[in-house]
Amino acid sequence: MNALKTTLLLTVLTVLLVLIGSRWGEGGMIIAFVIAAGMNFFSYFYSDKLALKMYNAQPVTREQLPRAYEVVERMTGRLGLPMPKIYVIPTEAPNAFATGRNPKHASVAVTHGILQLLNDDELEGVLAHELGHVRNRDILTSSIAATLAGAIVLLARMTWWAELFGGFGGGGNNRRGGALSALVMLILAPFAAMLIQLWISRTREYEADATGAHITGNPYALASALEKLDAYSKRIPMPGSPTTAHLFIVQPLLSRQSFANLFSTHPPIPQRIQRLIGRPSIYGTPQR
């Protein structure tokens, strides 16, 4: 069912992309497909390397980080996954993410801060969550969604400038009408693409939480980790790019404002904890 939902949402994104391209006629539709295909190819093979490089993630060996290696080996054994590469991000901000186009090419990155903050059970819950993303193949899906959304934004802007300067021919009222329609598209197309991308990401976070809790058999440990990460990430925020924010277990610079949460790539932490243990906080009430 979840695979069907993802396919449906990605289909909607693709149709929206083609509709924008169709404003340039048949040639525009072809351009839209070519842009999407090129960006998808690059995203499929290189998005993981770019994400790791963006955060200065450093590869570590078993000897350098035995604590994480032992947990990941245990969890991959339970899930039947290959051993991913492990990286450490040199920052005190507590966070973690997984990336890679498939389980055979997966990487798990943890910050120095999260290693200092969490106890062994909590770290196991976090790493199980990230491996849940790997098993569920969320990373590829979100990369494709992000790439198509980026292509939609690009084409919407191209359409705006083309119609504004008479790129579709004509003038006078036709030109002004075209510019108005392009302005509407410039606003609504990226907005629709963003909402679909964020819906996918939010759904995947819930599924990865459920996977992590299931394979560890300890939902309270993951819930406790999430609550700690939510609190400490506000004290030591981790600057993140909007294009990679969806990768992290806790969104970088997550706002507590309800309107901002609409555009968040992650569900609110209390809601995730509620799904894990039946209440929004380990301590009875959400921390402020």
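Only the coordinates and a few stated rules stand behind these numbers; no lab work does. Just so it is clear, the model here is predicted, and its values are computed rather than measured. So basically every Cβ, Gly included, is an ideal-geometry build from the backbone, and we count neighbours across all protein chains shown.
Could you list Arg62, Arg137, Arg272 in order of exposure, starting from the residue whose Cβ has the fewest other Cβ atoms within 10 Å? Don't skip to the end; give the middle numbers.
Numbers: Arg62 12, Arg137 17, Arg272 25.
Sorted ascending by nearby Cβ count, the order is Arg62, Arg137, Arg272.
Hey, with R₀ at 25 Å, roughly what FRET efficiency would Lys234 and Asn119 work out to, going by the Cβ-Cβ distance, to 0.05?
On the way: r = 20 Å, r/R0 = 0.81.
Once the sixth-power term is evaluated, E becomes 0.80.
Lysines within cross-link reach of Lys85: Cα-Cα under 19 Å, excluding same-chain residues under 8 positions apart?
Lys49, Lys53, Lys104
Give, as a single signed number, the net charge of other residues whose beta carbon lies under 11 Å from the beta carbon of Asn102, with Lys and Arg counted +1 and Asp and Glu -1.
Working: positive: Arg101, Lys104, Arg135, Arg137; negative: Asp48.
Residues near Asn102 contribute +3 overall.
For the residues Ile273, Ile89, Ile30, Ile139, what sequence is obtained by ranking on other C-beta atoms within 10 Å, fewest first? The partial results should precede the final answer.
On the way: Ile273 24, Ile89 21, Ile30 13, Ile139 27.
Ranked by crowding around the Cβ, least crowded first: Ile30, Ile89, Ile273, Ile139.
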